[in-house]
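The values are calculated or read from the model by the stated rules, or taken from the named source; none is laboratory data. These figures come from a predicted structure and were not determined experimentally. Cβ placement follows ideal geometry from the backbone for every residue including glycine, while neighbour counts extend to all protein chains displayed.
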């Protein structure tokens, strides 16, 4: 029990990113409201597009998500889910991840959903198994419903729906690639991994491009794995095997003043998909940026995802 408690505490400490007020955030899973479907304009100083604070009802629970519509939005726009970490908030990762300029340029719709409270700890979470075992929240169904909701108001490219996330949000991105593969084109996990439950139950319906951004100094989601988390090498191996990629990657050095890292690319995959690993030498459990980690998280994520649709490499 001491090990389990320590692990949860570590995730709690690392997951509390941001620093914005929680007054605009709905996290109580006990809020039942059959008429809870709505969107209102949210005032934000980030980006030139439009931000909305939205709610829908799923499983008789009011679920919240923030939507940023890039200023260059046009018909047939891609959707990107950006999922917060354990104990964190959708609003916080919207503020620190830095996707608004990318969304403006690419005409991207970025969705920042809000997790619900895990009964055993009272902290916000995504239901991925592992330390969230015991949760009854249907997050896959919720996010699937969000896609339909946005598609009712905007012209979206249903072949270009992506997910990324920090920590628990990275775990959830992998779960979407496994359990909602009929809609998810590609994913990037940032400091996340796969739990045993996600790993053992994963059954994607198509080759799927995935990337992992991780730090060797991450003491929360260890590169070598722990009681709740698969080693990153096993996660990469799973997707390499699923996509029928070359077993040996092409490796390039990532240079920089903060220790740099390596970039592994597993190519020759089915459907012209790729599996990639960005492994940073001195990065811990945090969202990467050039000043501290020699890698810009949002730019790296979108440069990878934007190359693929649900059928593989975009010609």
Please verify whether residue 229 is within 26 Å of residue 140 (Cβ to Cβ) and modelled with pLDDT of 95 or more, treating the condition exactly as stated.
yes
Condition check for residue 297: more than 19 Å from residue 165 (Cβ to Cβ) and surrounded by 21 or more Cβ atoms within 10 Å (Cβ to Cβ)
no
Filter the range 45-83 down to residues that are touching a helix residue (DSSP H, G or I) at 6+ places or on another chain (Cβ under 8 Å) and not in a strand (DSSP E or B) and give me whichever is surrounded by the most Cβ atoms within 10 Å (Cβ to Cβ).
70
When residue 129 is evaluated against the numbered criteria (1) buried (at least 19 other Cβ atoms within 10 Å of the Cβ); (2) on the phi < 0 side of the Ramachandran plot, which criterion, by number, is the only one it fails?
(2)
Of (1) farther than 25 Å from residue 270 by Cα; (2) buried (at least 24 other Cβ atoms within 10 Å of the Cβ), residue 172 satisfies every one except (1)
Would you please name the residue that is farthest from residue 286 (Cα to Cα), looking only at residues in the range 226-261 that are without any contact (Cβ under 8 Å) to a residue 60 or more places away in the chain and in a strand (DSSP E or B)?
250
Among the residues of the range 274-315, count how many are within 20 Å of residue 82 (Cα to Cα), at pLDDT 95 or above and out of contact with any helix residue (DSSP H, G or I) (no Cβ under 6 Å at 6 or more places or on another chain).
17
Which one of 174, 223 is part of a loop (DSSP other than H, G, I, E, B) and either modelled with pLDDT of 95 or more or in contact with a helix residue (DSSP H, G or I) (Cβ under 7 Å, 6 or more places away or on another chain) (or both)?
223
Kindly establish whether residue 235 is at pLDDT 95 or above, within 21 Å of residue 131 (Cα to Cα) and surrounded by 19 or more Cβ atoms within 10 Å (Cβ to Cβ).
yes
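One line per residue, one yes/no per condition, for (1) over 16 Å from residue 192 (Cβ atoms); (2) over 20 Å from the mean Cα position of the chain (by Cα):
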residue: 226; (1), (2): no, yes
residue: 230; (1), (2): no, no
residue: 270; (1), (2): yes, yes
residue: 275; (1), (2): no, no
residue: 308; (1), (2): yes, no
Report, ordered by the first and then the second residue, all pairs with beta carbons closer than 6 Å, sequence separation of six or more or different chains, a first member in the range 27-50 that is at negative phi and at pLDDT below 95, and a second member that is outside any loop (DSSP other than H, G, I, E, B) and exposed (fewer than 10 other Cβ atoms within 10 Å of the Cβ).
none
If residue 148 satisfies all but one of (1) in contact (Cβ under 8 Å) with a residue 40 or more places away in the chain; (2) surrounded by fewer than 24 Cβ atoms within 10 Å (Cβ to Cβ); (3) more than 14 Å from the chain's Cα centre (by Cα), what's the number of the condition it fails?
(1)
Within the group 102, 109, which residue is modelled with pLDDT of 95 or more and more than 20 Å from residue 151 (Cα to Cα)?
102
Restricting to the range 151-167, name every residue that is crowded, with 19+ Cβ neighbours inside 10 Å and out of contact with any strand residue (DSSP E or B) (no Cβ under 6 Å at 6 or more places or on another chain).
167
How many residues, within the range 262-273, are part of a loop (DSSP other than H, G, I, E, B) and either more than 18 Å from residue 234 (Cβ to Cβ) or at pLDDT below 95 (or both)?
3
